[in-house]
Number of protein chains: 2
Amino acid sequence: MAKAESKQPITPRDQDYARWYQDVIASADLVDSSPVRGCMVLKPHGFAVWEAIRADLDARFKATGHQNAYFPLFIPQSFLSREAEHVEGFAKECAVVTHHRLKATDDGVVPDPAAKLEEPLVVRPTSETIIWHMYGRWISSWRDLPLLINQWANVVRWEMRTRPFLRTAEFLWQEGHTAHATRAEAEEEARRMLQVYKDFCWETLAVPVVTGVKTATERFAGADDTYTIEGMMQNGWALQCGTSHFLGQNFARAFDVTFQNREGELEHVWATSWGVSTRLIGAVIMTHSDDQGLVLPPAVAPVQVVIVPIWRGDRKAMVMEYVDRVASLLGGRFRVRVDDRDNLKPGAKYFEWERKGVPLRMEVGPRDVEGGVVMCRSRLGGDKFKLPVGDDLADRVGETLDGIQRQLLERAVALRDAHIFEVDRYDEMKARLQEQGGGWFRVPWHDDAEAEAAIKADCKATIRCYPLEGQEDAAGRTCFYSGRPATHMAIFARAY
Amino acid sequence: MAKAESKQPITPRDQDYARWYQDVIASADLVDSSPVRGCMVLKPHGFAVWEAIRADLDARFKATGHQNAYFPLFIPQSFLSREAEHVEGFAKECAVVTHHRLKATDDGVVPDPAAKLEEPLVVRPTSETIIWHMYGRWISSWRDLPLLINQWANVVRWEMRTRPFLRTAEFLWQEGHTAHATRAEAEEEARRMLQVYKDFCWETLAVPVVTGVKTATERFAGADDTYTIEGMMQNGWALQCGTSHFLGQNFARAFDVTFQNREGELEHVWATSWGVSTRLIGAVIMTHSDDQGLVLPPAVAPVQVVIVPIWRGDRKAMVMEYVDRVASLLGGRFRVRVDDRDNLKPGAKYFEWERKGVPLRMEVGPRDVEGGVVMCRSRLGGDKFKLPVGDDLADRVGETLDGIQRQLLERAVALRDAHIFEVDRYDEMKARLQEQGGGWFRVPWHDDAEAEAAIKADCKATIRCYPLEGQEDAAGRTCFYSGRPATHMAIFARAY
């Protein structure tokens with residue numbers, strides 16, 4: 001009943017933001033729920049956004065020297081325990097395979113007791129353990145380093161409360177896993193990939209993420225440092241969009257991965273890992289969409305230009321011939337869809353493509369054919385405008401789409417900056433949060449896990465990161481909470 | 001120790017074909033075994049072949065109107081039982097998830113008894129059941145049809161005897177699942193995708209597969225008809241390279257998926273499914289490689305051209321500058337690698353890239369720089385030849401690679417045709433199989449599952465298919481086994 005759903009009205013953002021999010025997703029036909037708890041189906045329109053994200057990121061990974069590989073879905077249960085913090089972080093949400101066969105009974109099939117595995121297998125929640133086991137076989141000398149590998153894969157984390165794209169039991173992601181001869185190199189790699197993520201978010205998703213480092217509380221289980229990119233959603237909440245971890249020698253020690261350095265001595269290898277997931281689609285939706293539905297940046301829109309022919313009576317052949325010409329002028333450079341369905345009126349088509357977030361709509365009727373133009377409308381609104389159909393049409397469309405992409409980023413930066421508050425006292429933050437429900441708070445802070453926990457319990461705000469930029473502002477100031485000398489500038493926010 | 005292995009000699013094909021296959025894979029650094037039974041790690045060089053296959057096939061699927069989507073990894077256990085033959089075919093090899101949490105004990109972690117799932121989940125061995133459940137929600141009218149969806153995914157089948165690429169517990173594949181309003185349309189789709197697979201194998205993999213239909217014995221569990229593409233390996237064995245199934249209304253009935261036709265009546269939907277997997281890489285290896293190692297068709301070679309600079313003393317700068325120019329002339333059109341490692345001699349590099357199947361090697365020394373040429377050698381042997389380094393270098397290299405691609409296909413067709421035998425009597429086939437171990441036998445046959453089983457037990461040959469071409473040859477002939485009137489022309493072979 002995707003079709004039925006798509007005609008439902010969309011709840012306005014200011015009425016119920018969470019409901020609005022669900023409505024936008026349903027009306028754009030991006031996903032459907034599945035009969036498996038917490039797992040969603042990525043429908044063609046939603047999956048195509050992921051394909052665009054993947055293609056762009058993959059090129060960036062390859063340009064920075066990484067190669068793709070593929071490691072097993074299953075991880076022996078005992079591997080997880082090798083790194084003490086890692087097992088602590090993931091054991092509670094693991095899907096566990098215990099049998100390798102089903103058996104027919106009178107009540108249907110059941111796991112065959114005779115086919116119980118000697119050691120249960122965990123469906124990967126992340127792949128550090130299995131990959132570092134393999135690295136132990138591949139690395140023996142400094143000549144084998146650095147090892148720069150990425151994997152595109154599905155992972156499973158048994159979450160109790162799920163929300164499409166933001167938190168699902170199974171999700172699609174990429175995980176980079178690199179091995180280095182020195183601490184400095186590994187730290188540089190973790191920061192380099194953070195920058196790759198940041199550039200991607202700004203340039204391709206038009207999501208102006210802030211880069212920073214996580215506190216110990218929010219660090220990846222097994223990392224020495226976790227870097228993060230944090231995006232601001234339209235309700236002023238934060239969404240962690242990706243992380244890059246400096247893992248120190250933790251996994252190398254757990255799996256005994258050493259290398260002979262240039263001096264002939266054995267050392268443990270230094271590591272990073274970094275990942276982004278289908279959650280990025282949630283970030284795109286919540287950064288750009290409006291009360292009319294999905295808004296997609298042209299760079300990741302599965303359909304960048306939709307052409308809607310309009311005809312009456314005997315003008316169809318003439319209009320369609322012209323539309324074919326327009327499509328062929330654009331088809332090589334853009335993702336173009338001609339919507340020639342004859343069971344829908346133009347208005348219904350506009351409505352549908354608007355909800356699906358197509359950046360540019362072209363309407364072509366007999367008068368446009370006669371005038372040698374197409375009538376255009378940006379998904380971001382504004383007046384309709386004409387473009388002449390000639391050899392430079394693709395260039396003009398390119399400029400228009402670039403303009404939309406730029407406009408989205410500017411709008412998102414403005415929204416973000418209008419919702420970052422500098423406060424000196426905790427009371428101010430708490431009051432504002434209670435009043436507005438959202439916003440980011442950039443504050444001088446004395447690093448302290450207990451105080452962090454107390455604040456979270458009190459007003460549901462957590463430290464999203466110590467932003468990489470502007471840490472010098474902490475010098476000489478006092479913590480907004482404890483009054484002790486500030487060690488960092490921190491960004492507090494409620495987060496997904 | 002991939003590096004150590006890669007220096008091991010490769011067992012010649014005529015000495016031990018199975019061992020040769022393992023040696024080629026190890027020496028090309030394509031995969032590694034993993035600590036998880038039957039699961040392999042696709043290393044970067046092996047995974048890059050899969051990426052090339054995927055990109056090419058994906059474009060062919062999209063060109064025939066299919067869209068990608070993604071369905072859950074897990075399938076409720078009860079779904080599998082809905083289609084009687086389907087559960088029969090897959091229940092015996094399923095990985096079953098029974099718990100969603102691990103718990104720490106003194107002996108390490110164990111599945112937490114308090115986190116036992118109410119209904120176990122099966123890790124998808126194929127996705128017909130979950131997809132047809134979803135199709136039931138998406139299809140209600142003839143307007144929703146056809147539904148043409150493909151998924152790139154990992155699947156798990158708990159195989160007892162595994163072999164890299166050919167049969168592994170987890171493998172990567174694509175599975176197309178389509179829904180149609182009429183039997184004729186679904187049958188046409190199943191045949192169309194078979195043809196897409198065939199074209200891909202011939203044109204891209206240079207593997208001259210034969211198309212045919214499976215007997216009831218070898219049919220997919222739940223299909224009315226299974227079409228297949230069968231490749232001949234160099235030892236005369238057959239490898240099933242892909243299948244396309246006409247599923248009739250079996251899954252629509254099992255999941256109660258109906259649509260209202262144009263006359264307003266409810267009918268069950270017609271279905272197809274079709275898939276190819278990382279097994280295709282096994283087909284490529286066993287079709288083209290030789291006693292020196294891997295041979296890859298240029299269309300799927302991760303490195304199409306390797307450039308090896310050769311210098312002594314102070315000539316390095318001059319050679320490298322020239323090599324950079326050559327690389328930049330080729331880089332936009334081909335996958336080029338410059339091997340400028342300074343800890344290996346040129347001979348060692350040639351050896352390594354030969355084993356990795358790079359189609360074209362270029363050697364560049366000071367004399368080549370002075371002569372304005374590069375010295376080339378095809379992976380298929382023959383004399384070295386010079387190509388002038390000028391504006392048409394890329395065109396010349398393109399012709400050379402096209403020639404290699406063509407030569408591989410011709411060689412494979414010749415090998416295939418030399419090993420297809422037409423015999424009139426079963427004794428002849430059995431004797432020849434015992435003597436030679438391989439070969440395909442094209443014979444007049446009276447369709448009979450019991451006779452098929454008897455032959456398999458007697459000489460390990462199975463009916464690979466009733467080939468689509470040449471069925472008319474059965475007319476008026478008698479079965480080579482039973483002497484009854486022939487119903488089909490069949491191809492018998494030993495198969496992986």
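No lab work stands behind these numbers, since they all come straight from the coordinates. Since the structure is predicted, the reported quantities are computational estimates derived from the model, not experimental observations. Every residue, glycine as well, gets a Cβ built from its backbone with ideal geometry; the counts of neighbours run over all protein chains shown.
Applied to segment A:223-235, the Karplus parametrisation 6.51 cos²θ - 1.76 cosθ + 1.60 on θ = phi - 60° returns per-residue 3J(HN,Hα) values of 9, 8, 9, 10, 8, 9, 10, 10, x, 9, 7, 5, 8 Hz, with x for Gly and Pro. Principal axis extents of the C-alpha atoms in segment A:420-493 (largest first, rounded to whole Å): 30, 24, 18. Rounded to whole Å, the principal axis extents of the Cα atoms in chain B read 81, 66, 55, largest first.
Label segment A:4-72 by shape, choosing from rounded, prolate and oblate, from the square roots a ≥ b ≥ c of the eigenvalues of the Cα gyration tensor; if a/c is under 1.5 it is rounded, and otherwise prolate applies when a/b is larger than b/c, oblate when it is not.
On the way: a/c = 2.87, a/b = 2.04, b/c = 1.40.
Judged from the Cα gyration tensor, segment A:4-72 comes out prolate (a/c at least 1.5, a/b above b/c).
Exposure proxy shown here: for B:229, A:455, B:420, A:404, the number of other Cβ atoms within 10 Å sets the order, fewest to most, as B:420, A:455, A:404, B:229. Per residue of B:43-51, other chain Cβ atoms within 10 Å of the residue Cβ number 4 on average. Along its first, second and third principal axes, ordered by size, segment B:254-405 spans 83, 35, 27 Å in Cα coordinates. Expressed as a fraction of 2.2 N^0.38 Å, the C-alpha radius of gyration for the protein assembly as shown is 1.00.
List A:333, B:367, A:219 from most exposed to least, where exposure is judged by having the fewest other Cβ atoms within 10 Å.
Placing the least packed residue first, the sequence is B:367, A:333, A:219.
Kindly point out which whole DSSP H helices in chain B project their C-alpha atoms 18 angstrom or further along the helix axis while averaging a Kyte-Doolittle hydropathy of 0.5 or above.
Details: long enough: B:44-63 (28 Å, -0.12); B:183-200 (26 Å, -1.20); B:316-330 (21 Å, 0.67); B:393-418 (37 Å, -0.19).
Result, helices passing both filters: B:316-330.
Add -39500 (n - 2.57) for each DSSP H run of 4 or more in chain A, then divide by its residues: what number comes out at 222 nm, to the nearest 500 deg cm²/dmol? Present the calculation step by step, with values, prior to reporting the outcome.
Values: 15 runs with 169 residues, N = 496.
Computed ellipticity for chain A at 222 nm equals -10500 deg cm²/dmol.
Restricted to Cα atoms, segment A:107-233 shows a radius of gyration and a Dmax of 18.6, 60 angstrom. Computed over every Cα-Cα pair of segment B:174-288 and binned at 5 Å starting from 0, the pair-distance distribution P(r) comes out as 2, 12, 20, 20, 16, 11, 8, 5, 3, 1, 1, 0 percent. By the count of other C-beta atoms within 10 Å, a proxy for reagent exposure, A:465, A:376 are ordered fewest to most as A:376, A:465. Counts of other chain beta carbons within 10 angstrom of each beta carbon in peptide A:99-111 average 6.
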